[in-house]
Amino acid sequence: MILENIGDNTLANISLKYLKEIDLKDNFFNSLREDYKEFDNWFLRKATEDKRAFTFYENHNLIAFLSLKIEEEIDDNIKPNMKLKKRLKVSTFKIIPHRTKLGERFVKRIFDIAIKCQIDEIYVTIFSKHEGLLNLLKTFGFYEYGTKDTKNGVELVLIKDFLNIKNNIILDYPIVNTKNKGIYCLSIYPKFHTRLFSDSILKNESVDIVKDFSHTNSIHKIYLSGINDVANLRREDILLIYRTNDGKGVARFRSVITSVCVIEEILNISNFKDIDSFLNYCEPHSIFTKEELISFYTKKRYPFVIKMTYNIALTKRVTNGTLIDL
């Protein structure tokens with residue numbers, strides 16, 4: 001079974017496009033042709049079947065392509081043999097690296113689809129030469145299961161098993177463990193919210209506000225705060241991201257919880273030995289510019305540094321009014 005009804009056509013600039021709308025002659029696909037001799041035939045066949053893939057374009061240039069498939073059969077070419085079960089297969093996954101952590105955003109998209117479709121296991125076959133993609137997948141809990149013999153050569157088989165909990169925030173991502181964990185709300189102004197939590201975009205917001213930046217794409221997020229109670233937060237505590245009122249109506253309906261995050265680390269600006277170590281830590285995952293971060297470091301106005309993983313974008317947001325009523 002091929003995935004079809006898997007969400008809106010656009011999710012903060014990641015578009016779900018029909019293959020027949022994509023130019024197969026694009027140079028983007030050259031490396032895929034080199035790896036898989038049958039790639040063009042596969043693409044054309046799926047295009048005639050009205051199949052779709054997730055894409056990302058920058059200045060009209062294709063930067064990323066992701067094709068997913070739900071399988072309920074066994075591939076005899078995989079060794080050792082896998083047990084029969086419903087799995088999500090990452091059929092084709094390519095991203096042109098350009099230092100914006102777009103790969104992490106697509107990995108989150110894979111996980112989101114797996115959870116929405118109630119899939120316990122994801123797998124991907126990949127040649128060992130693709131070290132960057134291999135390392136990215138392994139970072140978030142994929143492990144080497146075995147190999148697959150094909151006419152193009154031997155591929156590695158990687159699996160992500162949601163039921164195999166390792167009690168590690170990153171390896172278990174996006175699973176959220178609530179047992180014996182503190183749960184808190186973290187308020188964020190609308191002007192920062194969606195630029196940092198791209199998949200939590202509201203329906204009345206334009207996708208144009210979401211840009212291809214590291215802080216937008218990264219699964220890891222950095223937030224600076226001056227609230228003293230932040231010092232009481234601990235690793236693995238849970239943060240509910242609360243988008244504050246945008247001034248276009250009463251807070252009861254306009255302020256909403258949009259996302260669920262898990263704390264990786266709480267630091268104080270004084271923990272950094274110098275400005276360079278502070279920037280190296282914060283800049284890739286923070287909404288603030290380099291100049292703003294330098295100012296914060298100098299003035300120590302927002303001394304608490306929260307590092308968290310962006311686990312869940314709620315499809316149904318919890319309003320301020322609901323919170324009060326409960």
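The values are calculated or read from the model by the stated rules, or taken from the named source; none is laboratory data. Computed from a prediction, not measured in an experiment: that's the story for all the values here. No Cβ is skipped: glycine too gets one built from the backbone with ideal geometry, and neighbour counts run over all protein chains shown. What goes into the accessible areas is simple: the full protein's heavy atoms, side chains included, and nothing from ligands, DNA or RNA. Shrake-Rupley method; radii C 1.70, N 1.55, O 1.52, S 1.80 Å.
Six or more apart or on different chains, Cβ atoms under 9 Å: show the pairs whose first residue is in region 45-56 and farther than 16 Å from Ser15 by Cβ and free of Cβ contacts under 8 Å to residues at least 60 places away in the same chain and whose second is of a type in the set (S, T, N, Q) and open to solvent by less than 40 Å² (accessible area, probe 1.4 Å).
Every condition considered, the pairs that remain are Lys46/Ser67.
If Leu171 meets every condition in (1) under 15 Å from the mean Cα position of the chain (by Cα); (2) hydrophobic (A, V, I, L, M, F, W, C); (3) modelled with pLDDT under 95; (4) over 21 Å from Ala64 (Cα atoms) apart from one, which number is that one?
(3)
Would you point out which residue out of Leu323, Leu267, Leu314, Leu293 is part of a strand (DSSP E or B) and in contact with a Ser or Thr (Cβ under 9 Å, 6 or more places away or on another chain)?
Unique residue meeting the criteria: Leu314.
Would you mind finding the one in Lys290, Lys316 that is in contact with a Leu (Cβ under 9 Å, 6 or more places away or on another chain) and among the basic types (Lys, Arg)?
Lys290
Is at least one residue of region 93-107 open to solvent by 60 Å² or more (accessible area, probe 1.4 Å), more than 15 Å from the chain's Cα centre (by Cα), modelled with pLDDT of 95 or more and under 26 Å from His220 (Cα atoms)?
no
Taking the residues in region 278-314 that are among the basic types (Lys, Arg) and without any contact (Cβ under 8 Å) to a residue 24 or more places away in the chain as candidates, determine which candidate is most open to solvent (accessible area, probe 1.4 Å).
Lys299
Please specify each residue of region 265-277 satisfying the condition of being open to solvent by 70 Å² or more (accessible area, probe 1.4 Å) and either of a type in the set (Gly, Ala, Ser) or in contact with a Gly (Cβ under 6 Å, 6 or more places away or on another chain) (or both).
Ser270
Take the residues in region 116-158 that are among the basic types (Lys, Arg) and closer than 24 Å to Arg33 by Cα; name whichever of them is most open to solvent (accessible area, probe 1.4 Å).
Among those residues, the one meeting the criterion is Lys151.
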